[in-house]
Protein chains: 2
Amino acid sequence: VSFSFALRFKGLAYKTHWLGYADIEPVAKSLGVTPTGTKPDGTPRYTIPFIYDSTTNKFVSNSFDIIEYLDSTYPNTVTFIPPETRLLQNVFEQSQSTLLGQLDPVFRSHFPNSKILPQNLKLVQSLGLLSTLTKEEEKEAWKKFKNALDELSKFAKDEGPFVMGKKVSAADAVLFGRLACYRWMWEETDEWKDLMTWQGGRWRRLFEAYESLPQVEKCDEYEVE
Amino acid sequence: VSFSFALRFKGLAYKTHWLGYADIEPVAKSLGVTPTGTKPDGTPRYTIPFIYDSTTNKFVSNSFDIIEYLDSTYPNTVTFIPPETRLLQNVFEQSQSTLLGQLDPVFRSHFPNSKILPQNLKLVQSLGLLSTLTKEEEKEAWKKFKNALDELSKFAKDEGPFVMGKKVSAADAVLFGRLACYRWMWEETDEWKDLMTWQGGRWRRLFEAYESLPQVEKCDEYEVE
């Protein structure tokens, strides 16, 4: 989700293919995608997202590397990682789940009612990742998430709606990625409508900035086995 | 330590007063310093560092606020928080102990042999913060710290020695703050000499950049009760 944000700002057309969790490794391996890490047992770990660029005939994995690849391969598009901020952007990406993970258990507790791929739900269940929370605990988590965004917004340039003020960058793709998941889960709810008013409507304006740009996703092609 | 780095780059003269841990709250209170947070029991928390600026007759607490205060009060000095990077700099500061805390237990295990104020040592002992580590565990921690700095350096601009390349910023003050503590503890050791060679001598060059600037600390005045 986060790099589809970058692709839209860059005006680069793309198609999305969805993979069930269990298919990530075999598909990535068969395509020759670079693994993004190592599993505890020492074997390579493959993760989504990865992209295939038909112009250069290249596969690129790892969100940060993808954005960097797009910056250097398409230098006439908006730069998402201003070179001077490269380490700062990377630390922001690495830190976001610590800073903004308050809703993660609430999100997981709502998986069973969501549009999630059935095989992924089964996996999530088998891994014991589903949580059940009381209404009170959910409320508390939303409050903490709001506080975390308050804290974040306090330091962002007022002019907004981007982390660097008027200049969009990789950090916004990271924030958008998280918020777009929440929208997917909660779009019609009061919680989401409320979130759109937080911090002076900052996140509503982020979505508006994204949506004001031409759609670059060519078609929704789902590949579910 | 981190804002003395900023003061030196800014060329602003200062004196240091050291406070025993138990004196922080009463001294800060008596001077009217703004608390930087809230303790679990709901009462205000006072922390060091805080500064007193005799030019403006102001006290400022909290490292990030101090640097920001210096940027705005002395606009003709090097800007440590370029406005566009304000949130990124703040997240970097918040995340540094998670990203680079691998040596913390080793550091604490060496407290008793260090130049630490005796009353602080007593406090650290009473809080059970002292750790005892085997040589193997220490070695492992140093290795992990090196890996973390490798990871960090991978994303920093090559030209260095600063996080933003040739431009010094608050993130460097944060890194310098941690490394200067390690130098204070380990200056004469092989570990420190080794660290100075890591990542192509990146940290040696950071210290050199700092030390090549005129000393601005007016005198070492210790206030130990």
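Express in whole angstrom the spacing between the alpha-carbon centres of segment B:80-145 and segment A:159-179. Segment B:80-145 and segment A:159-179 have Cα centres separated by 31 Å.
Chain B against chain A buries an accessible area of about 2300 Å², both chains summed, 1.4 Å probe radius. In segment B:142-190, the residues whose accessible area drops by at least 50 square angstrom when the other protein chains are added to the isolated chain are B:Phe155, B:Lys157, B:Met164; the probe is 1.4 Å and only protein heavy atoms count.
Rounded to the nearest 20, the Cβ-based charge dipole of the protein assembly as shown about its Cα centre (Lys and Arg +1, Asp and Glu -1) stands at 340 debye. Can you classify segment B:128-170 as rounded, prolate or oblate using the Cα gyration tensor, where a ≥ b ≥ c are the square roots of its eigenvalues, rounded means a/c under 1.5, and otherwise it's prolate if a/b beats b/c and oblate if not? Note, shape of segment B:128-170 comes out prolate. Taken residue by residue and averaged, Cβ atoms of other chains lying within 10 Å of the Cβ of B:76-88 number 5. At a 1.4 Å probe, what is the % contribution of carbon and sulfur to the accessible area of the protein assembly as shown? That fraction is 53 percent.
Amide H contacts of A:Val163 (H built 1.01 Å from N, in plane; Pro and chain starts excluded): A:Ser169, A:Asp172 sit under 5 Å, all sequence-distant by 5 or more or on other chains. Ranked by the mean number of other Cβ atoms within 10 Å per residue, highest first, peptides B:58-67, B:15-24, A:33-42 order as B:58-67, B:15-24, A:33-42.
Counts of other chain beta carbons within 10 angstrom of each beta carbon in peptide A:53-62 average 0.
Of all DSSP-defined beta bridges confined to the protein assembly as shown, some 75% are antiparallel rather than parallel. The lysines whose alpha-carbon is closer than 18 Å to the alpha-carbon of A:Lys154, local same-chain residues fewer than 8 away aside, are A:Lys143, A:Lys144, A:Lys146, A:Lys166, A:Lys167. For segment A:22-88, rounded, prolate or oblate, judged on the Cα gyration tensor with a ≥ b ≥ c (square roots of eigenvalues), a/c < 1.5 rounded, else prolate if a/b > b/c? Oblate, since a/c reaches 1.5 and b/c is not below a/b.
Does segment A:24-180 come out rounded, prolate or oblate, given a ≥ b ≥ c as the square roots of the eigenvalues of its C-alpha gyration tensor, rounded meaning a/c under 1.5 and, failing that, prolate meaning a/b above b/c? Oblate, since a/c reaches 1.5 and b/c is not below a/b.
Counting only residues at least eight positions apart within a chain, or on another chain, there are no aspartates and glutamates with an alpha carbon under 13 Å from that of B:Lys122.
If the Kirkwood radius is taken over C-alpha pairs of segment A:94-225, then at 37 °C and 0.692 mPa s the Stokes-Einstein diffusion coefficient equals 201 µm²/s.
Looking at segment B:111-186, the trypsin sites (Lys or Arg not before Pro) that sit in a DSSP loop and have at most 13 other Cβ atoms within 10 Å of their own Cβ are B:Lys115, B:Lys166. Per residue, the protein assembly as shown exposes an accessible area of 52 Å² to a 1.4 Å probe, with every protein chain left in place. Quick one: work out Rg over Rh on the C-alpha atoms of the protein assembly as shown, Rh as Kirkwood radius. Answer for the protein assembly as shown: 0.98. Of all lysines in the structure, the ones whose alpha carbon falls short of 25 Å from that of A:Lys218, not counting any fewer than 8 places away in one chain, are A:Lys10, A:Lys15, A:Lys58, A:Lys115.
When +1 charges are put on Lys and Arg Cβ atoms and -1 charges on Asp and Glu Cβ atoms, the dipole computed for segment B:1-99 relative to its Cα centre reaches about 180 debye.
For the peptides A:86-92, A:106-112, the ranking by mean Cβ contacts within 10 Å, running from highest to lowest, is A:86-92, A:106-112.
The values are calculated or read from the model by the stated rules, or taken from the named source; none is laboratory data. This is a predicted model, so every value here is computed, not measured. Note: ideal-geometry Cβ built from the backbone for every residue, glycine included; neighbour counts use all protein chains shown. All accessible areas refer to the heavy atoms of the entire protein, side chains included, with ligands and DNA or RNA removed. Shrake-Rupley method; radii C 1.70, N 1.55, O 1.52, S 1.80 Å.
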